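Structure, as structure tokens:
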Amino acid sequence: MRTGIVKNIFDLRSKFVIIGLTGKTGSGCSIVAEMLGKERLVDLVPPDKAVCHEGLASNDDRKYNIVYNYLQDNWHKFETIKASDIIMLYALQYSHKDYCEELNKYGISLNLDQESYDKLHDDACKCLEYLQGRESRHLKYDVNRVDKKQYQENVDEALYWRNFLFETLKKYVEDLKEKVTAYKKLSAPMQAWGNNIRKNNYAFEKQPSGNVPILGNEGPANLAHVVNHVIKLLRDLNYKDDQKTYVVIDALRNPYEVLYFRERYSAFYLMSISTPSDVRRKNLSKFNEDEIKKLDEVESPKKAPLEESFQKQDVPKCIELSDIHVVTNGTEWIHNDDLKRQLMQFVALILHPGIITPTPEERVMQIAFTAKLNSGCLSRQVGAVVTDEHFSVKAIGWNTVAEGQTPCSLRRLEDLHNQNDLIAFSEYEMRNKDFRGKISKLWNRYTPHFKDINGMNLSYCFKDVYNSIKGEDNQVHTRSLHAEENAFLQIVKYGGNSIRGGYLFTTASPCVLCAKKAYQLGIKKVFYIDLYPDITLSHIFESGLNEMRPETEMFKGAIGRAYINLYNPIIPLKDEIETITGVKKNDIKNL
């Protein structure tokens with residue numbers, strides 16, 4: 001048994017955990033949520049521990065055995081909050097007539113019994129009203145704050161709404177999806193309702209009629225705000241019985257929802273679930289090509305005005321923000337030992353940081369993640385690392401301008417307009433009359449908004465301005481080197497050794513041009529986080545002699561703040577064991 005302050009520290013840390021899942025439809029988020037929801041570790045059917053009298057095959061086996069042993073005593077099920085259930089909670093605020101008319105817009109005609117629907121409608125409205133005033137119902141008994149009868153009424157009410165959310169509402173959504181999937185998909189209305197909730201705080205394009213509760217408008221975090229109320233309800237009920245609260249949210253697909261939870265809970269981790277494109281398409285076998293294309297257009301929107309991004313899904317950005325990256329190969333979960341190992345590793349590390357050390361892949365990708373912060377790009381920061389076959393770092397790069405030039409984030413539009421800080425700008429920017437005429441007009445458009453900018457540096461993207469002038473969409477006009485390209489050039493510039501047979505790590509995935517360079521340099525394997533939706537992998541890497549083709553592998557592991565949090569022990573392991581057991585190292589001589 002842990003004793004004293006050691007027990008308190010780890011019990012406090014493991015008392016409350018939130019994992020938010022993100023990933024494209026068909027990537028496996030719901031499968032992962034189901035696995036995390038297993039009551040006992042044995043229900044997960046974990047791979048057997050490695051056993052060998054002469055010695056284990058690898059340190060990976062030793063790490064797995066440590067994780068396995070720890071979770072045997074410390075596994076705790078996660079309760080799943082499905083975003084689709086909360087979206088439906090909003091939709092059920094509408095009358096039977098409005099609800100049926102809304103479904104008809106998407107070609108869905110269901111014979112919904114009005115009496116049954118009206119009961120659901122009433123409960124949904126009352127549930128939202130309860131969640132809004134939940135904090136006034138005390139669930140930890142205190143004779144000085146609430147009498148015993150009132151306390152029991154509060155508990156009964158909380159249990160009723162928990163049952164409604166996790167049983168009645170969940171079953172309704174599952175049954176509805178099953179009915180609709182037979183001839184039409186429910187994804188389109190759910191996605192549209194989610195966007196409307198983020199924008200307006202109600203599901204359909206029009207506000208529900210009648211006296212229905214509307215929780216306080218939290219802007220793009222409206223949906224997350226209600227999820228948070230449900231989390232607090234679970235925590236209240238568990239708190240009264242001194243129980244742990246482990247929650248998995250399936251799924252977060254808007255970056256501002258991620259920010260909402262990250263800013264509120266130190267125990268929140270965003271876990272991206274990725275799978276190869278061919279596996280995902282197999283998982284989406286009930287969808288035709290046009291429907292998959294529409295799904296992707298909604299979940300991975302092209303660049304849009306910032307105000308529109310507040311309400312829409314943006315899965316690639318959520319993946320970029322993720323703390324933990326999990327990859328599934330499409331094997332049914334019951335037989336997917338690799339996926340089980342990944343989940344077990346991260347759950348164990350969340351509960352007990354530093355219980356094992358990072359993988360070489362995590363160590364190098366963390367360097368790439370850190371390197372990207374050097375980028376002065378105004379659109380997206382990317383980091384890259386080149387290693388040999390032993391994961392020894394040979395070069396580090398990030399997307400930035402050539403040495404001696406000024407990064408975009410440090411240049412000022414005001415200086416360009418007034419012809420100050422001349423060395424920061426090119427002769428073209430300073431001398432071309434057409435370009436300067438457009439810059440002058442752009443400057444005049446900004447001047448009324450100086451107060452709104454609130455002291456920020458007014459930078460500008462040359463590529464965007466130039467392409468706009470020319471009526472093009474050409475990436476060649478970017479001022480920056482790509483991160484991978486920069487890393488390759490560092491080796492040439494400073495006289496490094498050959499990297500043939502080595503590895504490339506990138507926080508994005510290589511574009512066509514960088515992929516060709518990696519191929520030419522003899523890179524053996526490319527580790528990436530987020531795959532660009534283009535033909536790079538199939539057109540560049542899957543071409544030529546088989547023995548020359550670089551392998552590609554989705555990165556799996558912890559990164560960024562999670563890398564620090566999960567692999568940095570709270571207490572040195574030696575001291576923790578000594579305190580728990582009472583066996584002092586100084587006593588050895590007396591044994």
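Using Cβ point charges alone (K and R +1, D and E -1), the dipole size of the chain about the Cα centre works out to roughly 1120 debye.
Sparsely packed loop sites in segment 155-207 (the trypsin sites (Lys or Arg not before Pro) outside DSSP H, G, I, E and B with at most 12 other Cβ atoms within 10 Å) comprise K206.
As a length-normalised measure over Cα pairs under 8 Å and 6 or more apart, the relative contact order of segment 408-477 settles at 41 percent. Segment 28-47 and segment 191-264 have Cα centres lying 24 Å from one another.
Its convex hull of Cα atoms gives segment 408-477 a direction-averaged projected area, equal to a quarter of the hull surface, of 5.0 nm². For K441 and E289, the FRET efficiency from 1/(1 + (r/R0)^6), where r spans their Cβ atoms and R0 equals 30 Å, is about 0.10. Ranked by the mean number of other Cβ atoms within 10 Å of their residues, highest first, the peptides 258-271, 459-472, 85-98 fall in the order 85-98, 258-271, 459-472.
In percent, rounded to a whole number, the relative contact order of the chain is 17, using alpha-carbon pairs under 8 Å and six or more apart. Subtracting the Cα-Cα distance of E157 and R62 from 0.36 nm times their residue separation leaves 29.4 nm of extension gain.
The simple Förster model, with R0 at 30 Å and r as the Cβ-Cβ distance, assigns H449 and D421 a FRET efficiency of 0.85.
Counting Lys and Arg as +1 and Asp and Glu as -1, each charge on the Cβ, what is the dipole of segment 362-447 about the Cα centre in debye, to the nearest 20? Don't skip to the answer; put the middle values down first.
On the way: 12 positive and 10 negative charges, 95 e Å.
Approximately 460 debye in magnitude.
Set against the labelled values (i) 231; (ii) 265; (iii) 157, volume of the Cα convex hull per residue in Å³ computed from this structure falls on (i). DSSP beta bridges confined to the chain are antiparallel in about 30 percent of cases. Between L413, Y90, V465, the Cα set farthest toward the positive side of the dipole of the chain (charges on each charged residue's Cβ, about the Cα centre) is that of L413. The alpha carbon radius of gyration of segment 160-277, expressed as a multiple of 2.2 N^0.38 Å, is 1.19. Between R380 and I469, the simple label model (points 7 Å from Cα in the Cβ direction) yields a spacing of 2.6 nm. Think of the chain as a dipole: +1 on every Lys or Arg Cβ, -1 on every Asp or Glu Cβ, centred on the Cα centre; then among L422, L504, Y64, L422 lies furthest on the positive end. Each peptide in 540-549, 558-567, 408-417 was scored by the mean count of other Cβ atoms within 10 Å over its residues; highest first, the order is 558-567, 408-417, 540-549.
Applying a 10 Å radius around every beta-carbon, put 16-24, 426-434 in order of their mean neighbour count, most first.
Working: 16-24: 25.8, 426-434: 11.4.
The densest-packed peptide leads the list: 16-24, 426-434.
Each residue, L573 and K126, gets one label point 7 Å from its Cα in the Cβ direction; the gap between the two is 5.4 nm.
Any read-out appearing in this document is the output of simple, stated calculations on the displayed coordinates, not a laboratory observation. No experiment lies behind these values; they were computed from the predicted model shown. Note: ideal-geometry Cβ built from the backbone for every residue, glycine included; neighbour counts use all protein chains shown.
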